[in-house]
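The values are calculated or read from the model by the stated rules, or taken from the named source; none is laboratory data. Since we're looking at a predicted model, the values are computed, not measured. With ideal geometry, Cβ positions are generated from the backbone for all residues, glycine too; neighbour counts draw on all protein chains shown. Calculation scope for accessible area: heavy atoms of the full protein, side chains included, ligands and nucleic acids excluded. Shrake-Rupley method; radii C 1.70, N 1.55, O 1.52, S 1.80 Å.
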Amino acid sequence: MEFSSRERQKHCRLAGDRREQYPHSLQFYLEPPTESISLVEFESFAVDRLKLLKVVENLGVSYVRGTDAYKSKLESELRKLKFPYRALAEDDYEARRKDHISHFILRLAYCQSEDLRRWFLQQELDLFRYRFNELTGGLMQKFLEHANLSFEAIGEDLKNELANELSASTPGFSLSKVKEQMFYKVGLADAVDLFRARRVYIKDGFAYVPFKEIDVIVLNNYRTKLSKALALTARSLPSIQSDERLQPLLNHLSHSYVGPDYSVQKNTGKISLDQIDALSVKSFPLCMRQLHRALRDSHHLRHGGRMQYGLFLKGIGLTLEQALEFWKKEFIRGKVDADKFDKGYAYSIRHNYGKEGKRTDYTPYSCMKIIMSNPPSQGDYHGCPFRHSDPELLKQKLQSYKIPPSGITQVLELVKGMHYQLACQKYFELTHDVDDIGFSLSHPNQYFTESQKLLSGGRELKKEFNNSGNFQQKNNSQESINSSSTPTSSNAKADMELEGLEAYFTED
């Protein structure tokens, strides 16, 4: 009995310490964690948070923030990845710990460039906004106190005295609503955004902010703190980069792909070389369609293009023998003879398939790797067209594929906001004539697989198949693949092969 009593006392002390460490489920991440964790846990926490931020990015463009659909999907992801989703729950210490540690790990990974810092800041702000707005009024007040943002709530007498001014200066507030709502007296410097938008009443250097607008003040405060913290973290990078254990992990995370592995495909050998031209129009993402067209036109690709496109083709099912035949046939149409190809190019193709050198079986490039590394130079065709193309050239390319003007505008808006993967998702929707693809795109081979599933009837379509069983692809006639140097694949035999291939991709 004495033993069990001591154990209970120890457990109570531990529970108390834990509550003191994370008194609230929400925080500004001001103090870095000091405990030791394993490299396995380090990577696991970071990958889970990265998955969460990718969902936040996707939902922020696909849904209106604050809607029921947005909140439902985001809560589901928080719950699934075991991050705090119910404020001040008694048993969520581990979730709060994971939230705290994972934020700082990704802060290290994403402070390394301006683009990375901007992306991380935006997703963390959106995540914070959702979590803050999910708090009840009482919990919001507790959090404000916890974060030293104890704004003064004005009394009923002062509110009644200023009722007319508050109603006139606060959009959507009638006199009756002013009496129902709590207002805070906030220094003008903290309410600049609301002041610029003419959404608050100003008097004697103070803004009178309704409770429903207080999240703007809190978010501005958090944005300032996190932005400064990212800049300070970037200055500390040299000391971190000297750690041979951490630096490879951090570099990997900032270019990380967290989806399925496309290095080994069940469909190896299921695709014939005659199908590739038609597939490039129907089911290739824009980056691979661009590479394929460049290869057919010039009969050559530089190293970056050969790596990106070659590994993609490997991922969709080309065998080593098919890959050697495909590249050799195309290159000898140009300035490379068979002997030069065998001596200068065949080795690298075998190397990609793990048959030369270190025998590494190389993985097809993810969207993140294509976007973040090895940008194309003059004469190159690799990279991400949404990231690396001039907007006007991208517009012309989309017009040549008969993308409607409204769709092009949507794509270019996403590109302007640096949502390159979401721009590719929009391209998928426009070329397949669907309203919502129903998945978060993160890999060119995922694009191909999902396209094949959809074209074979695995997804609900807006358009019906025609009588011959082929999907009515609106772009098919726009990209000529019948040049004298390119074998055509628009004959009946190739169409029958494509139908069989599309059916294959719906199998488990």
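Okay, here's what the table says:
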quantity: About the Cα centre, charge dipole magnitude for region 149-218 (Lys/Arg +1, Asp/Glu -1 at Cβ), debye; calculated: 260
quantity: Area of residue 390 that stays accessible when all protein chains are in place (1.4 Å probe, Å², to 10); calculated: 80
quantity: Cross-link pairs 282/402; 395/426; 282/335 - those with Cα-Cα distance over 18 Å; calculated: 282/335
quantity: Relative packing of 211-220, 284-293, which averages over residues the other C-beta atoms within 10 Å, highest first; calculated: 284-293, 211-220
quantity: Where region 58-174 is the region considered: accessible area per residue in Å², 1.4 Å probe; calculated: 47
quantity: Cα pair distances exceeding 21 angstrom across region 149-218, given as percent; calculated: 13
quantity: Within straight-line cross-link reach of residue 82, lysines at Cα separation under 29 Å, skipping those fewer than 8 residues along the same chain; calculated: 10, 51, 54, 71, 73, 98, 142, 212, 225, 228, 369
quantity: Sequence-distant residues sharing a close amide H with residue 201 (under 5 Å, placed H); calculated: 208
quantity: Region 149-218: relative contact order in percent, alpha carbon pairs under 8 Å with at least 6 residues between; calculated: 32
quantity: Residues residue 347 and residue 146, FRET efficiency given R0 of 60 Å [Cβ-Cβ distance, rounded to 0.05]; calculated: 0.45
quantity: Computed Kirkwood radius, in angstrom, where 1/r is averaged over Cα pairs of region 39-144; calculated: 14.5
quantity: DSSP-assigned coil residues among trypsin sites (Lys or Arg not before Pro) in region 115-209, each with at most 11 further Cβ atoms within 10 Å; calculated: 198
quantity: Using alpha carbons only: equivalent-ellipsoid semi-axes of region 303-422, gyration tensor based, whole Å; calculated: 32, 17, 13
quantity: Fraction of accessible area attributable to carbon and sulfur, region 274-456 (%, probe 1.4 Å); calculated: 49
quantity: Mean-position separation - Cα centroids, region 29-98 and region 313-383, in angstrom; calculated: 38
quantity: Two-site label geometry, residue 239 and residue 21: point separation in nm, points 7 Å out along Cα→Cβ; calculated: 2.3
quantity: Phi to ³J(HN,Hα) by Karplus 6.51 cos²θ - 1.76 cosθ + 1.60 over region 419-431, Hz, x for Gly, Pro; calculated: 9, 5, 5, 5, 5, 5, 4, 4, 4, 4, 4, 6, 7
